[in-house]
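Below: the structure, in C-alpha cells.
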Amino acid sequence: MEIIPGRGVGPVMIGDHRTRVEERVGPPVLGPAVGRRAVYDTTPTLVITYAPDGTVELVEIGYSGQGGEAEARFDGIRLTHRLIDDVVAELHAKGYTSTPCDIGHDFHAGFSVWSMRVLEAREVDPTAGEDDPRCVVEGVSVAPYGCFAGE
C-alpha cells in the first residue's frame, strides 16, 4: 500500500469523513462506531484516528508480515516489516529528512515510521542473534508533519 505523505493512502485521506472511509473499506473491526480510533480489516491493517467532527486526522498502516504490496511503501521503498535503520537510511539517501522520536522517526514530508518493539530483528534478518537490539518498522503514521511535531 503506497502512502501519500501528509495526505494518507489510496482509500483514506486526511480530511475524509468517516462515512466515506467506511463506504470504501467497510465498518471497523475494532473501536466503537463513533470513537476517535478505529481499526479496519484491510491488508495491511489500517488504524484511523478521527477528529471530533468525524474527519480523518491520522492514518496508521500496520505491517502485514507478507512482504510486497501488502506492506506500506513510499517512493520505491518498502517501509514496514524491515529494520528501521535500513528504512531510515534509504529515505535519507533519497533526500527525505526526519527527526528521531521516542519510537522511530518523524519525516518532514508528513509521515512517521515506528516500532513498538513487538517484532524482533531476527524475524526480518535471519542472521540476527536472539538478543539483537535493532528495531523493526511495525507501522507507519501519515499526517501533516505538524501532527508529529506537536504543532
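Annotations
- Amide H contacts for Val12 (H built 1.01 Å from N in the peptide plane; partners 5 or more residues away or on another chain; cut-off under 5 Å): none found.
- Most positive-pole-ward Cα, Thr43, Leu91, Cys101, against dipole of the range 1-102 from beta carbon charges: Thr43
- The orientation-averaged projected area of the convex hull spanned by the Cα atoms of the range 84-149 comes to 4.5 nm².
- GNM top mover of Asp16, Asp131, Asp85 - the chain, alpha-carbon springs below 10 Å: Asp131
- Counting only protein heavy atoms and a 1.4 Å probe, the chain has 50 square angstrom of accessible area per residue.
- Label zone at Thr45 (point 7 Å along Cα-to-Cβ), backbone N below 15 Å, the range 77-101: 81
- Candidates Ala70, Ala93, Ala38, ranked by Gaussian network fluctuation over the chain, Cα under 10 Å, top entry: Ala93
- Net charge over other residues, Cβ less than 11 angstrom from the Cβ of Pro44 (K, R count +1; D, E count -1): -4
- Springs between Cα atoms under 10 Å define the GNM used for the chain, and in it the highest mean-square fluctuation of Ser112, Ser64, Ser141 occurs at Ser64.
- Calculated log₁₀ intensity ratio I(q)/I(0) where the Debye formula runs over C-alpha points of the chain, q = 0.16 Å⁻¹: -0.84
- Extents of the range 16-87, taken as max minus min of Cα coordinates on every principal axis and listed largest first, are 38, 19, 18 Å.
- A Förster radius of 30 Å, combined with the Cβ-Cβ distance separating His92 from Glu130, puts the computed FRET efficiency at roughly 0.55.
- The range 98-138 versus the range 26-94: alpha-carbon centroid distance in Å: 14 Å
- Near Val25: Cβ cut-off under 12 Å, other residues only, Lys/Arg at +1 and Asp/Glu at -1. The net charge is -1.
The values are calculated or read from the model by the stated rules, or taken from the named source; none is laboratory data. None of these values were measured; they are calculated from a predicted model. Cβ coordinates were reconstructed from backbone atoms using ideal geometry, including for glycine residues, and neighbour counts include every protein chain displayed. Surface areas here come from the heavy atoms of the whole protein model, side chains and all, with no ligands, DNA or RNA. Shrake-Rupley method; radii C 1.70, N 1.55, O 1.52, S 1.80 Å.
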